[in-house]
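The values are calculated or read from the model by the stated rules, or taken from the named source; none is laboratory data. Nothing here was measured: the structure is a model prediction, and the numbers come from that model. With ideal geometry, Cβ positions are generated from the backbone for all residues, glycine too; neighbour counts draw on all protein chains shown. Ligands, DNA and RNA are excluded from the accessible area calculation, which covers all protein heavy atoms including side chains. Shrake-Rupley method; radii C 1.70, N 1.55, O 1.52, S 1.80 Å.
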Amino acid sequence: MNDSMLALTRILQAVSLIDTPQLQIRFIVDSVSAAVSRDVCSLYRVNARQEMELLVSHGLQVHQTICLPQGAGLVGLVAKERHGLNLANGANHSAYFYVQGTQEEQFKSFCGVPLVHHGEVVGVLVVQSREAQVLSEQEEAFLLTLAAQLAFIVVNIPNTQDAAIKQNRRFKGIKSVEGIGLGKAVLCGLTQLSEVQDVRTDKPQATIQEWIQLLSLVKEDLINEQNRLGENMTLSIGSIFDAYQMLLTDKGLSDKVEAYIHEGFSLPSAIKQGIYFFANRFKQMDDPYLTARAEDIIHLGNKLFHVWKGGGREAASAYKDPVVLIGAQVSVSDIASVPIKLLAGIICFEGSSLSHTSILANAMGIPAVMGVGQIKNVNTHDMVIVDGNEAKVIVQPSTLLKKAYKRLIKQEHKATLKLHNLKNLAATTLDHHDIKLYTNTGLLADITPGVKSGAQGVGLYRTEIPFMVGDSFPSEDEQVRVYRRVFEAYAGKPVYMRTLDIGGDKQLPYFPIRHEENPALGWRGIRFTLDNIQLLMTQVRAMLRASSGINTLHVLLPMVTSTHELIQFSTVLKDAYHQLQDDGVALQWPKMGIMIEVPAAVTQIPLWAHRLDFISIGSNDLSQYLLALDRNNPHVADRYDHVHPAVIHEVYRIVNLAKQYQLPLSLCGEMASDPVAVVLLIGMGIGKLSMSAAKLPRIKWLIRHIELEWAQSLLAHCLQLEEVDDIRFYIQQAMKDKGLQDMIKADDPNIKRGELTG
Ligand code: PEP
Ligand code: MG
């Protein structure tokens, strides 16, 4: 083989265009056998019984299901040793195992490489030939490289023989909206304008009339969808609909479509060409905001085509059961087409927690998971669980798992109802230690749930969200209006308002940050705002003005790593304060504190204590930086856990330093809403936790059912443990013994299903 890299790229590119995994693997074995000029290429997969099941073969006779017992033959040896085997004559090897009926005896050479996924052998790729000839080094390397890619495909192939594998297919994504939803899959984005064939018409005038009618139908449809969203219609969602309406009335688009109709194209063909003409223009722009608008144009094109085909007008009434929307992207129109009461969840193959879909789902409180990668073999009406708390999706859950999740949904619901009774009660342990519970927010739509849940303040207001949903930096007055509503809603209670924390995974569409090799270590948080001091000045002025007369502002700085950042910020704060005072604004000097989310900040707490009024642990970033694990990377997502011993020990160090230097301390990362972590945090003596409003009831309930002393003794034991799983298991077992099994997650691998469902 001359150019293995080229062969590999060609195979993988071709595979990405093939729809079903079965056809993909068939194509791969045929292509591999041709690429290495060998007679046989076979793919084995480890099945549920740990046997090696022959999935597909080029060259072997396969008339029935072939399964090799675990560890049997050369294939079993490759799997066991997790190492390739390259033999001129396989039959001479002591591990050789002849499989009846395959006519394998005619093939002498054997080269097998393991397929490994997340550290586990999931299959073996084998090449054989009549000639007794080992594969060259280059050919073997080609197989090894291909096997690494092939493992991803193999794990996604449903096992037709084993129903248990078809069930409970799990996919990990990126956190978007917390909560759990269970419903029947509805696939979105199936009406793809891009698939329309170019067809000609000889009736251009009639087609133009059809186009004009279609435009008004879709405009009307969008208005209906917008109305259906009712009270969930926020400013940001409204602007998405406005953008659609603007595109529909845009003369440029209409003229273009009409021009294609005059050239003799049918309406769908003309729409496709018109839409893609503009979408491609946007795609080519350097500005990521404008590039992203191409997506809006294509969504609108799909919508036009869908309505043209006669779909979408009576869709809302067609839904009777809870629904989970699934698609590469789920558009605002898709969401609006389902009655809100029946919308159980949203799953996007692509996208991040800050996509329009995610923002909308958040505002509506619909559990959502983004960026799960393409889920194949999911059909309309398949049952799907969206676990927004864990960023997890389970397709076709088993009866047992469904039961467990339904129980969890009921518990969450009950806990929320119970909160009406708990709302005005303190989060006090059984041995009378008060814990303050604050809420994390960032959307105006999030304010009410926090107030309703009885939050004693806002522990983290993420200002980047109002910055992200607009088309440009919000003006000082605009910011004042948004922030003021937060201060008013929580009057008399502390509001920790964080200065803009963009960069890393959070980008402003209208202020692109040039590609960075390591964005998490790059121009983000306070580094970005101090370099753009005019933005920071505007924001700080807006915060001060908004809190005037209410005086509960706690300015919180993200990503601080050095003293000069604190000094520089203090100057900005002083300047803003004096400017406003000179303008006659009644002000009170705010409290100033920092997020402890970079390991460097932990060590400097003693040095900075005199400069700060408070500190807040950002456990999400702190875990990310301590463990060197990108919190948004699905490849390592399952390794990321904030109860990792390194994180626990470091958080404990922070708690002790805060005590020693008398710095008020809170914690506002995801740890604050994880019952296992909360037990440890209470044991450490933390007094303030901030979390999303949806999670607050459960945590309050937990705190009211435990003693500080109990948490302290569990902490003491866990500080000696070396594995995350051991820590989780130990605390969960202790919770169970205490009758707190409601706190244990339905899908926790540490808990035997039977125990959980009772
Ligand atoms: C954190 O890092 O823990 C945190 C709360 O900030 P964010 O998740 O917004 O980065
Ligand atoms: Mg952070």
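Tabulated data
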| read-out | value |
| --- | --- |
| Among (1) of a type in the set (A, V, I, L, M); (2) at pLDDT 85 or above; (3) out of contact with any Gly (no Cβ under 9 Å at 6 or more places or on another chain), the one test that I335 misses | (2) |
| A445 being outside any loop (DSSP other than H, G, I, E, B), outside the structural domain of T552 (by TED's automatic domain parsing), open to solvent by less than 40 Å² (accessible area, probe 1.4 Å) and modelled with pLDDT under 85 | yes |
| Residue tally, condition open to solvent by 10 Å² or more (accessible area, probe 1.4 Å), within 14 Å of ligand 2 (Cβ to nearest atom) and charged (D, E, K, R), over the range 609-630 | 1 |
| Filter result for A646 (within 16 Å of ligand 2 (Cβ to nearest atom) and surrounded by fewer than 17 Cβ atoms within 10 Å (Cβ to Cβ)) | no |
| Residues of the range 521-546 that turn out to be charged (D, E, K, R) and either within 16 Å of ligand 1 (Cβ to nearest atom) or loosely packed, with under 15 Cβ neighbours inside 10 Å (or both), as a count | 3 |
| Residues (at pLDDT 95 or above, open to solvent by 20 Å² or more (accessible area, probe 1.4 Å) and over 22 Å from Y730 (Cα atoms)) located in the range 667-693 | G687, K688 |
| Contacts under 8 angstrom Cβ, first residue in the range 559-576 being among the polar types (S, T, N, Q), partner within 16 Å of ligand 1 (Cβ to nearest atom) and in a helix (DSSP H, G or I), 6 or more apart | T561/A600; T561/A601; S562/A600 |
| Residues satisfying the stated conditions in the range 355-403, i.e. over 29 Å from I18 (Cβ atoms) and assigned to a loop (DSSP other than H, G, I, E, B) | G365, I366, P367, G388, N389, E390, S398 |
| Verdict on L715 being part of a strand (DSSP E or B) and either open to solvent by 50 Å² or more (accessible area, probe 1.4 Å) or modelled with pLDDT of 95 or more (or both) | no |
| Looking only at the range 631-643, and only at residues there that are in contact (Cβ under 8 Å) with a residue 40 or more places away in the chain and away from ligand 1 (no atom under 12 Å from the Cβ), the one that is least open to solvent (accessible area, probe 1.4 Å) | V643 |
| Where a residue in the range 494-518 is modelled with pLDDT under 80 and its partner, wherever it lies, is open to solvent by less than 10 Å² (accessible area, probe 1.4 Å) and more than 15 Å from ligand 2 (Cβ to nearest atom), with Cβ under 7 Å and at least six apart | L508/F467 |
| Any hit, the range 123-132, residues being in contact with a Pro (Cβ under 7 Å, 6 or more places away or on another chain) and either in the same structural domain as L8 (by TED's automatic domain parsing) or touching a residue at least 24 places away in the same chain (Cβ under 8 Å) (or both) | yes |
| Selection status of L422, open to solvent by 70 Å² or more (accessible area, probe 1.4 Å) and modelled with pLDDT of 80 or more | no |
| Whichever residue in the range 201-245 is aliphatic (A, V, I, L, M), open to solvent by less than 20 Å² (accessible area, probe 1.4 Å) and in a helix (DSSP H, G or I) and, among such residues, is modelled with the lowest pLDDT | I237 |
| Residue in the range 613-629 that is away from ligand 1 (no atom under 16 Å from the Cβ), at pLDDT 95 or above and out of contact with any Cys (no Cβ under 9 Å at 6 or more places or on another chain) present | yes |
| Matching entry among P606, P664, P599 (being open to solvent by less than 50 Å² (accessible area, probe 1.4 Å) and away from ligand 1 (no atom under 15 Å from the Cβ)) | P606 |
| In the range 570-584, the residues that are in contact with a helix residue (DSSP H, G or I) (Cβ under 8 Å, 6 or more places away or on another chain) and either open to solvent by 40 Å² or more (accessible area, probe 1.4 Å) or within 16 Å of ligand 1 (Cβ to nearest atom) (or both) | D575, Q579 |
| Pairs where the first residue, in the range 263-278, is closer than 16 Å to E210 by Cα and the second is acidic (D, E), C-beta under 6 Å, 6+ apart | L267/E210; S269/D198 |
| Check on I66, at pLDDT below 90 and either basic (K, R) or within 30 Å of R639 (Cα to Cα) (or both) | no |
| Answer residue from the range 478-520, given it is polar (S, T, N, Q) and buried (at least 19 other Cβ atoms within 10 Å of the Cβ) and is farthest from T463 (Cα to Cα) among those | Q507 |
| Neighbours by Cβ (under 6 Å, 6+ apart or cross-chain): first from the range 16-41, within 20 Å of R130 (Cβ to Cβ) and assigned to a loop (DSSP other than H, G, I, E, B); second modelled with pLDDT of 80 or more and of a type in the set (S, T, Y) | R38/S129; D39/S129 |
| Count of residues meeting criterion [among the hydroxyl-bearing types (S, T, Y) and closer than 14 Å to F473 by Cα] in the range 489-528 | 2 |
